[in-house]
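Asks: Pasting a structure here, questions to come.
The values are calculated or read from the model by the stated rules, or taken from the named source; none is laboratory data. Since we're looking at a predicted model, the values are computed, not measured. Backbone-built Cβ (ideal geometry, glycine too); neighbour counts: all protein chains shown.
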Amino acid sequence: MKNLILTAAIVSAFSAPAMVMAAANNILSVHILDQQTGKPAANVEVVLEQKNNDGWQQLNTGHTDKEGRIKALWPEQEAKPGDYRVTFKTKPYFDSKKQESFFPEIPVEFHISKTNEHYHVPLLLSQYGYSTYRGS
């Protein structure tokens with residue numbers, strides 16, 4: 001039994017840093033805070049797209065965790081300078097709370113110029129307004 005517990009502890013110790021490392025190396029993260037409740041907005045879909053000559057190309061999608069975060073939204077491909085957009089799909093979030101919302105989704109466009117930096121897009125959300133900025 002001791003060997004089983006020790007093995008589980010060793011596997012856990014080596015697995016956790018790998019997960020943190022993947023997020024640490026990812027150049028894009030997002031965070032949503034519900035201003036009305038002061039709590040994170042969990043399970044909100046976020047779509048990442050890149051602008052090209054024909055419009056927008058989807059690169060990745062994810063859902064916020066219980067802390068309202070997606071720690072690694074950039075797909076497993078090399079980042080390139082350019083114009084990007086994250087779209088927060090807020091309607092299902094408010095629907096799940098039986099609340100109306102003026103913004104069914106919130107697109108946030110931004111420009112990546114240095115691919116060796118981290119880009120963080122936080123969203124402060126309410127039913128009838130929002131605020132965003134480049135975070136750290």
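Asks: Does residue 102 satisfy the condition of being closer than 20 Å to residue 33 by Cβ and not in a strand (DSSP E or B)? So that I can check it myself, show each step before the final result.
Replies: Values: closer than 20 Å to residue 33 by Cβ: yes; not in a strand (DSSP E or B): yes.
When the stated conditions are applied, residue 102 passes them.
Asks: Also: Can you spot a residue in region 95-105 that is closer than 18 Å to residue 30 by Cα and buried (at least 19 other Cβ atoms within 10 Å of the Cβ)?
Replies: There is no residue in region 95-105 that is closer than 18 Å to residue 30 by Cα and buried (at least 19 other Cβ atoms within 10 Å of the Cβ).
Asks: Listed residues 95, 34, 54, 83; which is over 12 Å from the mean Cα position of the chain (by Cα) and at pLDDT below 95?
Replies: Going through 95, 34, 54, 83 in turn, just one is over 12 Å from the mean Cα position of the chain (by Cα) and at pLDDT below 95: 54.
Asks: Surrounded by 18 or more Cβ atoms within 10 Å (Cβ to Cβ), more than 13 Å from residue 45 (Cα to Cα) and of a type outside the set (A, V, I, L, M, F, W, C), is that true of residue 81? Write out each step before concluding.
Replies: Details: surrounded by 18 or more Cβ atoms within 10 Å (Cβ to Cβ): no; more than 13 Å from residue 45 (Cα to Cα): yes; of a type outside the set (A, V, I, L, M, F, W, C): yes.
Taking the combined requirement at face value, the residue does not satisfy it.
Asks: Which one of the conditions (1) surrounded by 16 or more Cβ atoms within 10 Å (Cβ to Cβ); (2) within 12 Å of residue 46 (Cβ to Cβ) does residue 65 fail to meet, given that it meets all the rest?
Replies: All conditions pass for residue 65, except number (1).
Asks: Only residues that are crowded, with 16+ Cβ neighbours inside 10 Å and either out of contact with any Pro (no Cβ under 9 Å at 6 or more places or on another chain) or closer than 20 Å to residue 125 by Cβ (or both): list them for region 51-60, please.
Replies: Taking region 51-60 first, the residues crowded, with 16+ Cβ neighbours inside 10 Å are 56, 59-60.
Result: 56, single match.
Asks: Test residue 101 against the criterion of being touching a helix residue (DSSP H, G or I) at 6+ places or on another chain (Cβ under 6 Å) and under 22 Å from residue 125 (Cβ atoms), and give yes or no.
Replies: Details: touching a helix residue (DSSP H, G or I) at 6+ places or on another chain (Cβ under 6 Å): yes; under 22 Å from residue 125 (Cβ atoms): yes.
Against the criterion (touching a helix residue (DSSP H, G or I) at 6+ places or on another chain (Cβ under 6 Å) and under 22 Å from residue 125 (Cβ atoms)), residue 101 qualifies.
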